[in-house]
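Worksheet: the structure to be examined is printed underneath.
The values are calculated or read from the model by the stated rules, or taken from the named source; none is laboratory data. All values derive from a computational prediction rather than experimental measurement. So basically every Cβ, Gly included, is an ideal-geometry build from the backbone, and we count neighbours across all protein chains shown. Surface areas here come from the heavy atoms of the whole protein model, side chains and all, with no ligands, DNA or RNA. Shrake-Rupley method; radii C 1.70, N 1.55, O 1.52, S 1.80 Å.
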Amino acid sequence: MTAAITAMITAVVGVLGTLFAPMLAQRLTARQRADEAELADKRRRFEERRAQYTAMNRASRQFHTLLKDALHRIRDRVYTEQERAQLEEARLDHRDRYAEAQMIVPERILQASRDLNRVLANSDAAIKRLDRGLARDGESVERVLEKLKAADPHLDTMRRLMREDLGIND
């Protein structure tokens with residue numbers, strides 16, 4: 001190879017390098033921005049799910065607690081309008097959290113919530129009947145309390161699945 005050809009090849013490579021360097025830098029920057037945007041989106045979805053799980057768990061446990069309290073107060077004949085209103089508010093909050101969750105949580109968690117909802121809703125209906133003096137045959141505070149205890153493992157399962165989905169495995 002002659003010195004002229006070597007010089008020409010070197011010049012062409014230099015010119016091409018100079019021309020392509022900004023394009024390569026732009027491409028790398030665009031890729032980095034896309035990666036950052038994807039990471040931010042994953043983080044946002046994780047935080048959204050975590051907030052939803054916290055709200056669902058809190059609302060479910062509050063509804064469950066107020067159902068038990070209502071049964072004890074009905075049994076003791078000290079159930080007041082204020083407590084009825086609190087229970088209804090908790091029921092509505094629980095329903096709203098579940099409706100919100102349906103849009104963002106995985107099916108296995110929704111199934112766990114449905115299993116829990118079934119127990120809570122049946123207990124709520126029985127409590128309303130007991131409160132109004134319209135209990136079904138064999139329906140009593142003690143039996144409804146016993147049936148409401150079935151919610152405990154469902155609450156634990158739902159919480160465990162939520163924690164697993166968030167990556168908490170202990």
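Listed values, structure above:
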quantity	calculated
Euclidean distance between Cα centres, the range 36-63 to the range 133-170, Å	22
Accessible surface, 1.4 Å probe, highest first, among residues K149, K68	K149, K68
R75 paired with T2, simple spin-label distance in nm, labels 7 Å along Cα-to-beta-carbon	10.8
Backbone HN-Hα couplings from phi across the range 116-123 [Karplus 6.51/-1.76/1.60, Hz, Gly and Pro as x]	5, 4, 4, 5, 5, 5, 5, 5
Carbon plus sulfur fraction of accessible area for the chain, probe 1.4 Å, in percent	55
FRET efficiency, 1/(1 + (r/R0)^6) with R0 25 Å, evaluated for D93 and K42 via beta carbons	0.30
Accessible area per residue in Å² at 1.4 Å probe, computed on the range 1-128	67
